[in-house]
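Okay, so here's the structure we're looking at.
What follows is calculated from the coordinates using simple rules that are stated; it is not laboratory data. Remember, predicted model here, so these are calculated numbers, not experimental data. Please note: Cβ atoms are built from the backbone with ideal geometry, for glycine as well, and neighbour counts cover all protein chains shown.
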Amino acid sequence: MPEGIDYAFGRPSMSALTSAGIKFVCRYLSHSPSKNLTASEARKLTDAGIWIVVVWETTAKRALAGKAAGAADATDARTQARACGMPDGRPVYFAVDWDASSGQQSAINAYLDGAASVLGRDQVGIYGGYGPVKRALDGGHATWAWQTYAWSGGKWDKRAHLQQYSNGHTIGGVGCDYDRAEKSDYGQWRVGATPGGDDDMALVCSLGVDGTQVIDAGTNADIKFTKEYSDKHGLHGENGVSVAIATAAYWVNADALFELGGLAPGTKIDVAWTRVKDDGTFIDDPWRLTYTADENGTIRDQIGGQFGVDATNRLRMCVYNTSDQAVTVHGCLAKVSLLKY
């Protein structure tokens, strides 16, 4: 699942965040401008492809102040979040930032009820340790949950959308805590945008070849995949030629097992992952390797690669037959995973 961080004072650079593999950040809304998310920061995070989650916290025990306080804080949180570009319908987490006892839960619940009277129950989240998170969820006072390892005694509520699992770290010179998403939708957003469901998940396509394919001497041809093992995202197309058709910018992890035959022993053949334009025009071979036929005139091997594709190109698998003999594709299994960046 996606890894993220939360931080208050200081702002890591976008390059530091992306270099660290950060997919989302949890940022503050409050009455303290110095630690708050700003519209400028939200725009930079969005442009860098980083998701945003917001949490309201003024003082650690503010949630003991009751229903009226919850309503007032939710009103201010909504105003601040909208000013930063948060779309309607996204939740705000409200902090319970201490080791809250069961005897304090009624006041906490009242505070959350006050927030719900402004935002709606489906947009109210709680941040805290295991006890207050569990009790708030059990009582229906919060819909979203971000649990910290602190004050949790090693217990995790499986309903929590986010887990804060380690603190005291530094990225780009800024102190931060480590978080991880436990659900595909954990309340994240970008300026004017909500997750489409697969934004943080790899799109996977598994394909195969039925029968054989002959590639004439001195020619090159794309392998035609005729069998789909898994392709619920519709990546495969163009009469079987394209392994993956992307609709946005993705990192690709491609891997294939193949068998070529009909060659003289020692014959060298190139196999490549190839990028082409929408109209089939060749762009480049981001991953190309040379293979040698064994004593039986057969090549059984694997080709893997990691590279990028975007909405302007297609991914194919090409055999370059520079020999004076026809080569036969006896089989091929390919698996391609695409992860948006």
Test of understanding: in a Gaussian network model of the chain with alpha carbons linked when under 10 Å, which of Leu112, Leu263, Leu64 would top the mean-square fluctuation ranking? Leu263
Among beta bridges assigned by DSSP with both residues in the stretch 106-244, the antiparallel ones amount in percent, to the nearest 5, to 65 percent
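Residue separation times 0.36 nm, minus the C-alpha to C-alpha distance between Ser166 and Ser117: what's the value?
Separation in residues times 0.36 nm, less the Cα-Cα distance, equals 14.3 nm.
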Residues with amide H under 5 Å of Thr274's amide H, sequence separation 5 or more or different chain, H placed in the peptide plane at 1.01 Å from N; which? Arg316, Met317, Cys318
For the stretch 203-340, evaluate the Debye formula with one uniform point scatterer on each Cα (no solvent term) and list log10 I(q)/I(0) at q = 0.17, 0.20 Å⁻¹, rounded to two decimals. -0.85, -1.15
Using only Cα atoms, figure out Rg for the stretch 33-99 and give it as a multiple of 2.2 N^0.38 Å. 1.19
For the chain, what ratio Rg/Rh do Cα atoms give with a Kirkwood hydrodynamic radius? 1.15
What per residue convex hull volume, in Å³, do the alpha-carbon atoms of the stretch 282-325 yield? 90 Å³
Name the most mobile residue of Tyr111, Tyr178, Tyr320, meaning the one with the largest mean-square fluctuation, in a Gaussian network model of the chain with Cα contacts below 10 Å. Tyr320
Where does helix 67-83 land angle-wise versus the long Cα axis of the chain, in degrees 0 to 90, nearest 10? 40 degrees
Cα centroids of the stretch 1-18 and the stretch 250-303: how far apart, whole angstrom? 39 Å
Can you compute the helix-only [θ] at 222 nm over the chain? Use -39500 (n - 2.57) per DSSP H run of at least 4 residues, normalise by all residues, nearest 500 deg cm²/dmol. -5000 deg cm²/dmol
Run the dipole for the stretch 277-328 about the Cα centre, Lys and Arg Cβ at +1, Asp and Glu Cβ at -1, nothing else charged, and hand back the magnitude in debye, nearest 20. 120 debye
Alpha-carbon centroid distance for the pair the stretch 58-98 / the stretch 133-185, whole angstrom: 17 Å
Express as a percent, rounded to the nearest 5, the fraction of DSSP beta bridges in the chain (both residues included) that run antiparallel. 75 percent
For Val241, residues with placed amide H under 5 Å, excluding near neighbours: Phe225
Estimated FRET transfer efficiency (Ser34, Glu3; beta-carbon r; R0 30 Å; 0.05): 0.70
For the stretch 3-181, what log10 I(q)/I(0) values come out of the Debye formula at q = 0.09, 0.18 1/Å, with one point per alpha carbon and no solvent? -0.28, -1.16
